[in-house]
Amino acid sequence: MTPILPAYSLMDHDIARARPLPTTGVGASLQRKEDRRFLAGEGEFVGNIKLPGMLHVAFARSAVAHGRILAVHKPAGFEDAVFTMADLEAGSPPVGPIRVLSSLPGFKPSSQWPLARDKVRQVGEPIAMCVAASRAEAEDIADAVVADIEDLPAVVDMLEARDAPPALVHEEWGDNIFLETLVEGGLKGDAFEALKRGAAVKVHRRLRTARQSMAPMEGRGVVCSWNTRLDQLEMHTAAQMPHINRAGLSETLGIDQASIRVIAPDVGGGFGYKGILLPEEICLAWLTRHIGRPVKWIEDRREQLIANTNCREHHYDITVYADARGRLLAIDCDSVIDSGAYSSYPFSACLEAAQVGSILPGPYKMEAFRCRTWSVSTNKPPILPYRGVARAGVCFAIETMVDAAARAAGVEPHEARLASLIEADEMPYDNITRKHFDSGDYPEAIRRAMQAIDLPRWRARQGAAEPDGRLIGVGHAVFCEQAAHGTSVYYGWGIPMVPGHEQCGARMTPDGRLELRIGAQSHGQSLETTLAQVANEILGIDPDHVRLVHGDTGMTPYSTGTWGSRSMVMSGGAVAEACALMVERVRDIAAHLFQVPLDQVMLAQGRVSDRAGGHSLTLAELAHVWYRQPQRLPPGVNPAGLEVIGGYKARVDTGTFSYACHAVAVAVDPGTGAVELLDYVIVEDAGTLVNPMVVDGQIYGGTAQGIGTALFEEMRYDSQGQPLASTLADYMLPGATEVPAPRIIHMETPSPYTTFGQKGMGEGGAIAPGAAIANAVNDALRPLGAELTELPMSPRRVMAAIAASRAGGVIGSPHAAKGQAA
Amino acid sequence: MKAPVFDFTRALSVADAVALLADTARFTKPLAGGQSLGPMLNLRVAFPEHLIGVRQIESLRQAFIDPANGDLVLGAAVPHAQIEDGLIPDVTQGLLAHVAANIAYRAVRNRGTVGGSLAHADPAADWVNTMPLLGARMVAVGLAGEREIDARTFMTGPFTTALDEHELLVAVRVPALGKNARWGYVKFCRKPGEFAEAVGGVLIDRARGIGRLVMGATDGAPIVLEESAERVRAASSDSAVAAHWTDARLSAAIDAAGIGHDPYSAQLHLTMARRAIAVALA
Ligand SMILES: Cc1cc2nc3c(=O)[nH]c(=O)nc-3n(C[C@H](O)[C@H](O)[C@H](O)COP(=O)(O)OP(=O)(O)OC[C@H]3O[C@@H](n4cnc5c(N)ncnc54)[C@H](O)[C@@H]3O)c2cc1C
């Protein structure tokens, strides 16, 4: 589909700033419309919803990681308040398991029963649903439920799960491997071997990233009721993909989709954690109909930490080949992803590993590439694609390896990068794994980052000892963020969700306001503001006169929802299309009213007028005539009126490529292992910025989460599969005192494929900090001969790396192979 | 994360509280600021049947100087914030205020109390390490009457103290420091406001013959290294007192406390002790 607007011309950020800044449309730093209610505490989240007669649910959950269920005993006197899978299966139609298939060859699906049946496969797996007048009483009942479980050995470590499993998580598979993939590109066979032999630099590492718990401020929560008038389930749920939840509920409950309405009200952060069909959603949907009362379950922080999904546990056994200048020649990698106990709906257990194989080369050119991946199943919660999906781990792997190669070659790391990156004049570029880079100037981002962080200043400071004995380091990392992936990227995985065409329904109200209905969901992305800016850009309507309707399957067009940094590209494109259609409807009505030819009617700044200047109407006046005074409209006017559906799909749907270089200076305390961030610079290119302030906000938030990945966050398990953090005192999140104010520098290379040249950018901030900070820490530890190979770089790991280097110069943390240290 | 059922009675006097705590039929516990007990209830790791609110007992909220010996008598229900804000008499040259200001976050400090913290006896908390450093004495009241317990023997293990389960901690007696006393108190936390992974405290008061070093956030009660009064008095300078605390001695004490098996923790404790010495001597 061709864009409706002439493609915005390429503008360098500095040039862009020389123009007057727009104040309302695309490019304006408009204040967020949604903040009025949020700052006044007037938002409505699932937790705020109270329905008459509503009961509360608590779940009895498995205390063991792996075991066979022999019996579940309901407490005496509470038989009617406790439900097990047997009850859900006895209904008509019976409730079925969550089964997420992928068409990738060799993929083994899992059956996840909403309440455990036969076996439990992780601590926290729901076993029984308990309902009472209050949550506290429901918890009392849940505490009294007794499950007889025969312990089985827990499968805890992903490498052990693959190589020497103590047990099988899903017996019918014969192993613990969801999926194995191989991605190759460039030279193969003998030619690859010859390259390896001839490479001046060869570096090999085992790298590991910790399992993390996603921690949106608001956890999950469900309130549902059965509407007898509509014969429809009405579910309020803290979700990012309501249409997908509806599809999944329909499939597992055995009721048609029109009989289900899913509403995501205000949602306090998603980050991927809310992109899933929850067992709890299925349970409550069944329960409300079974008992004929509204029911509510709000996930508490303990459930969030121990029972529900995690993310990001990767292992890389990686070798990088480079020439004597540090220029990349080839990558050879084996990567294992701990996918946990089940394949989640809709992303499946294959997504993370399949992505690793294809995105590992990042924005680099090379001659040969080989990556084998394993998604393994363990007795831990399933993983979901968290902000930055596989890329945070991939960026850590490739970028620490580029630095290691640069050190081996004796060059500055940025020189090694500049020698290997795709150049601006090569765009668009298909890389070694056939990723289609739409645009960008990666080397320039690095040059600007080096200038902004002032590399010589830190190198000079390293030359002089610090008065407090700390060690100074400086490092950086670059990455690309493929976003708004379309059909061509997703259909190959054959999972329940393939993004296609995105729609927006637009309606002008009789007083000239605009309602926009989109299927994506805004939970921090500021879509209520930025999509109003898009409408303003095209219709000239005041953004305050635009109301966004989202997060409600009863009101909005189907969409796969908000994930993969897609909303500004996809919903933004659809809103632009709908508004362009609305422009035509408005002009048609005006032409009839003014009695002038259509080509004489123009719409500017929210007014329609004829070019001769004789007539002029505001949108409100025109809408008033259309709806309230139809007698004034002559015959021949288009009867379709002021309600339209616009649809969008990018001309090339392989996704937009935002990118950034993060550069950071650190001080490492060799007496404690503490790392302090002294300066942090981000040079980011997200194409045309629809709202630069919102973009900065996304970068700040993502970077804070990335700092968590780099230094703090770690969901640890003991050898029995027991989670070692059940409160936020043990699961360490970065806070205000740990996150510096990054300096953001924008470049603006518009995507040639999107409506305004905008690129998805919601995840990027979270991708690079692990890699950039690791490179800076390793730069600081270089005089000691120590190197870290595992995230997070907790004080314990920093001290272990220093101790290991003292003990004999072994490169890397001793925990890299097993990864159980804090 | 909702508390199990319990009864609650607000005590208005020490006698009241002690009488209520003597109930052996029900599992009864005092509730002060609720900053430790509250989370334990919500996480359902504690199941008391009857909680006795002690924050409204007037005498527990007082802090004054005992004219008899100059001790600070710090009521058990004084919140950390009040100490942080300098609203109690200072006999420790700012040490108590310094420690208070670095406990948790302000919201916790507004409610959390000295007595609650000491009775809770989390090895990683601050008052259980500060009071032994200062040579303070705990004042406890039970049915048998009042008694004093030396802070250095008060904590008997992680989350256990010398208090009898029916006793109420009513105050802490903190001896006044000499004019030339110097102290250092440092701790290592992953983030400001988190519990410490290691605490180092040093007090050198030559006039009063005190040379004391505390290493806290161990697996139990803090390690206290006490120099003899004669030796301290005989020392020509504060540095001469500190010179006794060699790495070898500190490491031996760390090993003896059973932390040595974890080299990271041992190193942290050594680092904090060294830094506390440096602060005291600075
Ligand atoms: C997020 C967070 C961070 C924290 N960080 C720190 C920190 O960095 N350093 C630190 O030192 N502390 C920290 N704390 C603990 C805080 O200082 C608490 O205030 C303290 O541990 C308990 O005091 P409380 O008055 O709230 O006691 P409560 O929670 O009410 O009671 C704690 C225990 O003491 C008993 N008790 C209370 N009063 C008496 C009494 N008079 N006699 C006998 N028994 C009594 C109770 O029965 C209970 O067993 C933190 C707490 C939180 C929530």
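The values are calculated or read from the model by the stated rules, or taken from the named source; none is laboratory data. These figures come from a predicted structure and were not determined experimentally. Cβ: placed from backbone, ideal geometry, glycine included. Neighbour counts: every protein chain shown. The protein model used for the area step is the full one, side chains on, heavy atoms only, and it has no ligands, DNA or RNA in it. Shrake-Rupley method; radii C 1.70, N 1.55, O 1.52, S 1.80 Å.
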When you scan the range B:23-33, do you find a residue that is within 12 Å of chain A (Cβ to nearest Cβ) and surrounded by 14 or more Cβ atoms within 10 Å (Cβ to Cβ), even just one? no
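Matching residues to (1) open to solvent by 60 Å² or more (accessible area, probe 1.4 Å); (2) touching a Ser or Thr at 6+ places or on another chain (Cβ under 9 Å); (3) over 26 Å from residue A:770 (Cβ atoms):
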site	(1), (2), (3)
A:453	no, no, no
A:461	yes, no, no
A:465	yes, no, yes
A:472	no, no, no
A:480	no, yes, no
A:483	no, yes, no
A:496	no, yes, yes
A:504	no, yes, yes
Scanning the range A:285-340 residue by residue, those in a helix (DSSP H, G or I), away from chain B (no Cβ under 14 Å) and either open to solvent by 10 Å² or more (accessible area, probe 1.4 Å) or without any contact (Cβ under 8 Å) to a residue 12 or more places away in the chain (or both) turn out to be A:286, A:289, A:290, A:291
Take the residues in the range B:195-208 that are open to solvent by less than 10 Å² (accessible area, probe 1.4 Å) and within 17 Å of residue B:244 (Cβ to Cβ), then tell me which one is farthest from the other protein chains (Cβ to nearest Cβ). B:205
How many residues are more than 15 Å from residue A:285 (Cβ to Cβ) and buried (at least 16 other Cβ atoms within 10 Å of the Cβ) when one looks only at the range A:81-98? 3
Limited to the range B:171-194, what total is found for residues that are under 27 Å from residue B:242 (Cα atoms) and either aromatic (Phe, Trp, Tyr) or within 14 Å of another protein chain (Cβ to nearest Cβ) (or both)? 6
So the strands (runs of 3 or more DSSP E) completely within the range B:4-103 holding 1 or more residues that are more than 14 Å from the ligand (Cβ to nearest atom) are B:7-10, B:63-65, B:72-75
For residue A:369, work out the one condition from (1) part of a strand (DSSP E or B); (2) within 14 Å of chain B (Cβ to nearest Cβ); (3) open to solvent by less than 10 Å² (accessible area, probe 1.4 Å) it doesn't fulfil. (2)
Take the residues in the range B:215-243 that are outside any helix (DSSP H, G or I) and open to solvent by 60 Å² or more (accessible area, probe 1.4 Å); name whichever of them is farthest from the other protein chains (Cβ to nearest Cβ). B:236
Does residue B:132 satisfy being surrounded by 23 or more Cβ atoms within 10 Å (Cβ to Cβ), more than 11 Å from the ligand (Cβ to nearest atom) and over 20 Å from residue B:62 (Cα atoms)? yes
One residue is enough: does the range A:377-386 have a residue meeting the conditions among the small types (Gly, Ala, Ser), surrounded by fewer than 24 Cβ atoms within 10 Å (Cβ to Cβ) and not in a strand (DSSP E or B)? no
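Across the range B:104-125, what is the number of residues that are among the hydrophobic types (A, V, I, L, M, F, W, C), near the ligand (Cβ under 6 Å from one of its atoms) and away from chain A (no Cβ under 14 Å)?
Summing the residues that are among the hydrophobic types (A, V, I, L, M, F, W, C), near the ligand (Cβ under 6 Å from one of its atoms) and away from chain A (no Cβ under 14 Å) in the range B:104-125 gives 1.
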Hey, among the residues in the range A:581-605 that are without any contact (Cβ under 8 Å) to a residue 24 or more places away in the chain and outside any helix (DSSP H, G or I), which one's nearest to the chain's Cα centre (by Cα)? A:602
Just to verify a result, which residue in the range A:133-146, among those that are within 21 Å of residue A:292 (Cα to Cα) and more than 11 Å from chain B (Cβ to nearest Cβ), is surrounded by the most Cβ atoms within 10 Å (Cβ to Cβ)? A:141
Sole miss for residue B:151 among (1) touching a Pro at 6+ places or on another chain (Cβ under 8 Å); (2) over 19 Å from residue B:46 (Cα atoms); (3) near the ligand (Cβ under 8 Å from one of its atoms) is condition (3)
Do you know which of the residues in the range A:554-580 that are among the β-branched types (Val, Ile, Thr) and part of a helix (DSSP H, G or I) is nearest to residue A:543 (Cα to Cα)? A:575
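Can you name every residue in the range A:719-733 that is more than 12 Å from every other protein chain (Cβ to nearest Cβ) and touching a residue at least 24 places away in the same chain (Cβ under 8 Å)?
Residues satisfying the conditions are A:719, A:720, A:721, A:722, A:723, A:725.
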